[in-house]
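Everything below concerns the one structure shown next.
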Amino acid sequence: MAARTSTKGKQSSDEQARELLVLLSGVLVGLKRQQPASGPEDHDELRDAFEKSELGERHVGPLISLVISGPASVSELAGRIGLTPATTSLLVGELSRAGFVQRREDEADRRRTIVSIDESIEHVVGPSLEETLAPLGRGLERMSAAQRDHFMDGLRILKEEMSGLQRPS
């Protein structure tokens, strides 16, 4: 394991931003490399289904959100993943045509569409997600509760800045 070095107080925010970009790139590469615990055949099935349906990385965010947080309206899903409702609706349509998600009318408000993971694909997506979550969980466990809280707060702030969102007053 590589030695951890602290740079607290030694780098400017610009230097830390550059280091953060490198660190996040490494995290993203690691996330892309993850294999599902249930075996490579499930990974192949998921990859083949994505390729056959001409789906790409942009479809992963809505899919993960639906697996983790459950069914949602298109607007709620858009808020979760930080995209516009129009873009999210487009992605949901493509995921629906590929058989990854189901869309149904909201019984309480027929103007709303509720999106959920299609049961036929859940057995493939679930194990893949669990395997991806494992190293993230281990990394968070290595931090104290206070460090985790600060880390998560920091990531939320960075997400707001990257999304162009305004901070609440």
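A short reminder: the numbers here are calculations on the coordinates, not readings from a lab. Since the structure is predicted, the reported quantities are computational estimates derived from the model, not experimental observations. Heads up, the Cβs are rebuilt from the backbone with ideal geometry, glycines too, and the neighbour counts pull from every protein chain shown.
The dipole here belongs to segment 99-169: it is taken about the Cα centre, uses +1 on the Cβ of Lys and Arg and -1 on the Cβ of Asp and Glu, and is about 300 debye. Computed from label points 7 Å out along Cα-Cβ, the spacing between Arg148 and His123 is 3.3 nm. Pair-distance distribution P(r) for segment 48-132, from all Cα-Cα distances in 10 Å bins starting at 0: 18, 55, 25, 2 percent.
Quickly rank 102-114, 65-77, 49-61 as a protection proxy: mean count of other C-beta atoms within 10 Å, highest first.
Result, highest mean Cβ count within 10 Å first: 65-77, 49-61, 102-114.
Within a Cβ distance under 10 Å of Phe100, other residues only, what is the Lys/Arg minus Asp/Glu net charge?
Around Phe100, the charge tally is -2.
Simple spin-label model, 7 Å along Cα-to-Cβ: Ser75 to Ala134 in nm? Using points 7 Å along Cα→Cβ, the separation is 4.0 nm.
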